[in-house]
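Right, one structure below, let's go through it.
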Amino acid sequence: MNGYTKFKLAMILTVLLGSLLSLTAPFLLQVWSAQGMAVTPARVAVLAAVMAGAVAVQILVTCLRERFAKAFNKRSFQQQLDRYYTLSYDYINAQGPMNLLERMILAVNNRYQFLTGDAIQIYANLLVMAVTLILVWMQSPLIFAVLLAVIPIQYLGYRGLNRELARRSKKLQEVSSS
C-alpha cells in the first residue's frame with residue numbers, strides 16, 4: 001500500500017467519522033422529539049460532546065492533510081521538474097519558460113487540492129446525502145421522492161457548468177500567458 005492510499009484511507013475514515021458525528025446531533029434531537037422526551041441538561045451535554053467530537057475530528061483531518069501536503073507537493077513538483085528537463089530547448093522557448101513554470105505550479109496545486117479535498121469530500125458528501133435522504137424518507141416519502149429526483153438534475157447541471165468553466169479557464173490561461 002503506497003503513501004497516498006494510506007493517506008486516502010485515513011482521510012476517508014476521519015471524514016466519515018466527522019460526518020457521522022455531525023449528523024448525530026440532529027438525529028438525536030429528532031429521536032428525542034419523536035419520543036416526547038424533554039431536553040435536559042444531560043442531553044444538552046451529550047449534544048455538546050458529540051459536536052465537540054465532530055470539531056476534534058475536523059482538526060485531526062486538517063493535521064493529517066497538512067502533514068501529507070509537504071511531502072506530496074515536493075514529490076509532485078519534482079516529477080514536474082523531471083518532465084521539464086526532458087523538454088527540448090526550442091519547445092521551452094516557444095511555450096515560454098515562465099508559462100511552463102506557472103502551469104507546473106498550477107498542476108501541483110490542483111492535484112493536491114483534488115486529492116486531499118475534493119476526492120475525499122465526495123465520499124463524505126455521499127454519506128451525508130444518504131443519511132439525509134433516509135431521515136427525510138422517515139418523515140415524508142413524498143419529499144424523499146422529490147429530493148431523489150433533484151439529484152440527477154443537480155448533477156447534470158453542475159457537469160455542464162463545469163465543462164463551460166473549463167473551456168473558459170483554458171481560454172483565459174492562454175490569453176493571460178501570452
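The values are calculated or read from the model by the stated rules, or taken from the named source; none is laboratory data. This one's a predicted model, so the numbers in the text were calculated from it and none came from an experiment. Every residue, glycine as well, gets a Cβ built from its backbone with ideal geometry; the counts of neighbours run over all protein chains shown. With ligands, DNA and RNA removed, areas are computed over all heavy atoms of the protein, side chains included. Shrake-Rupley method; radii C 1.70, N 1.55, O 1.52, S 1.80 Å.
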If we ask which residues in the range 40-50 are in contact with a helix residue (DSSP H, G or I) (Cβ under 7 Å, 6 or more places away or on another chain) and exposed (fewer than 12 other Cβ atoms within 10 Å of the Cβ), their number turns out to be 0
Residue list for the range 56-101, filter: surrounded by 13 or more Cβ atoms within 10 Å (Cβ to Cβ), among the β-branched types (Val, Ile, Thr) and under 18 Å from Ser22 (Cβ atoms): Val57, Val61
Condition check: at pLDDT 85 or above and either within 23 Å of Thr132 (Cα to Cα) or touching a Lys or Arg at 6+ places or on another chain (Cβ under 7 Å) (or both). Does Val46 satisfy that? yes
Starting from the range 20-36, take each residue that is surrounded by 17 or more Cβ atoms within 10 Å (Cβ to Cβ) and list its partners that are assigned to a helix (DSSP H, G or I) and not aliphatic (A, V, I, L, M), counting only C-beta distances under 6 angstrom and pairs at least six apart or across chains. Leu21/Gly53
Matching residues in the range 109-128 - criterion: being open to solvent by 90 Å² or more (accessible area, probe 1.4 Å), more than 21 Å from Leu21 (Cβ to Cβ) and over 8 Å from the mean Cα position of the chain (by Cα): Arg111, Gln113
Tell me yes or no: at least one residue of the range 133-143 is at pLDDT below 90, in a helix (DSSP H, G or I) and aliphatic (A, V, I, L, M). yes
